[in-house]
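Reading through the structure tokens given below for one structure.
The values are calculated or read from the model by the stated rules, or taken from the named source; none is laboratory data. Note that the structure is predicted; figures quoted are calculated from it, not measured. Here the Cβ positions follow ideal geometry from the backbone for every residue, glycine too, while neighbour counts run over all protein chains shown.
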Amino acid sequence: MANALYPKWKEAILQGTAGSSLGGTVKAVLVDTGVYTYSATHQYLSSVTAAATATTAQTINNKTFVNGLFKGDNVTFTGVPAGSSTGVALEAIVLYIDSGSAATSPLVAYFDTATGLAVTPNGGDITISWNASGIFQL
């Protein structure tokens, strides 16, 4: 797989669907691709099973949107224990808009080719440093 914006989210923003704006609470979660496989048909966080996510999702703060470029602060997952998820490396990052329910939180982006991936939890912090030019651009 390669990095991708979820097609269902792109459909939602094109249609102006409520809850599709990145102006809401956008979160990142680390994912074990041995448990979760990206699919263009996935729409909500409930498609990314709890077994696939290694940590509590982290909010991306200080977001900006200039010329179609989405930027935000780096995120840090603190004290990620060894043995998180299935005890193997975490190979992907999933971004979603938090609605408060996994069943209605739209999936936005999937990254599996980023500097620092895969990462194996060892009890320490895992910081995701976005590219200086931004997280992604439409």
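Looking only at the range 11-37, count every residue that is of a type outside the set (Gly, Ala, Ser), assigned to a loop (DSSP other than H, G, I, E, B) and at pLDDT below 95 and tell me the total.
Step one: list which residues in the range 11-37 are of a type outside the set (Gly, Ala, Ser), which gives 11, 13-15, 17, 22, 25-27, 29-33, 35-37.
With the extra rule that they be assigned to a loop (DSSP other than H, G, I, E, B), the set shrinks to 17, 22, 25, 32-33, 35-37.
Those still in the list that are at pLDDT below 95 too: 17, 22, 32-33, 35-37.
Within the range 11-37, residues that are of a type outside the set (Gly, Ala, Ser), assigned to a loop (DSSP other than H, G, I, E, B) and at pLDDT below 95 number 7.
Go through the range 56-74 and give me each residue that's touching a residue at least 40 places away in the same chain (Cβ under 8 Å), touching a Gly at 6+ places or on another chain (Cβ under 9 Å) and not small (Gly, Ala, Ser).
Listed by number, the residues that qualify are 60, 63, 65, 69, 70, 71.
Scanning for something closer than 17 Å to residue 27 by Cβ, in a strand (DSSP E or B), modelled with pLDDT of 95 or more and not hydrophobic (A, V, I, L, M, F, W, C), does the range 72-87 turn up at least one residue?
Within the range 72-87, not a single residue is closer than 17 Å to residue 27 by Cβ, in a strand (DSSP E or B), modelled with pLDDT of 95 or more and not hydrophobic (A, V, I, L, M, F, W, C).
Got at least one residue in the range 58-66 being surrounded by fewer than 16 Cβ atoms within 10 Å (Cβ to Cβ) and in contact with a helix residue (DSSP H, G or I) (Cβ under 7 Å, 6 or more places away or on another chain)? Outline the logic, then answer.
Here is the first cut: in the range 58-66, the ones surrounded by fewer than 16 Cβ atoms within 10 Å (Cβ to Cβ) are 59, 61-62, 64-66.
After this cut, where a residue has to be in contact with a helix residue (DSSP H, G or I) (Cβ under 7 Å, 6 or more places away or on another chain) as well, the list is none.
The answer is no; no qualifying residue exists.
Check 99, 46 and return the single one that is among the polar types (S, T, N, Q), touching a residue at least 12 places away in the same chain (Cβ under 8 Å) and not in a loop (DSSP other than H, G, I, E, B). Explain how you work it out, then say what you get.
Values: 99 fails: not in a loop (DSSP other than H, G, I, E, B).
Going through 99, 46 in turn, just one is among the polar types (S, T, N, Q), touching a residue at least 12 places away in the same chain (Cβ under 8 Å) and not in a loop (DSSP other than H, G, I, E, B): 46.
Criterion first (closer than 25 Å to residue 23 by Cα, aromatic (Phe, Trp, Tyr), without any contact (Cβ under 8 Å) to a residue 60 or more places away in the chain and buried (at least 17 other Cβ atoms within 10 Å of the Cβ)) does residue 77 satisfy it?
Numbers: closer than 25 Å to residue 23 by Cα: yes; aromatic (Phe, Trp, Tyr): yes; without any contact (Cβ under 8 Å) to a residue 60 or more places away in the chain: yes; buried (at least 17 other Cβ atoms within 10 Å of the Cβ): yes.
Against the criterion (closer than 25 Å to residue 23 by Cα, aromatic (Phe, Trp, Tyr), without any contact (Cβ under 8 Å) to a residue 60 or more places away in the chain and buried (at least 17 other Cβ atoms within 10 Å of the Cβ)), residue 77 qualifies.
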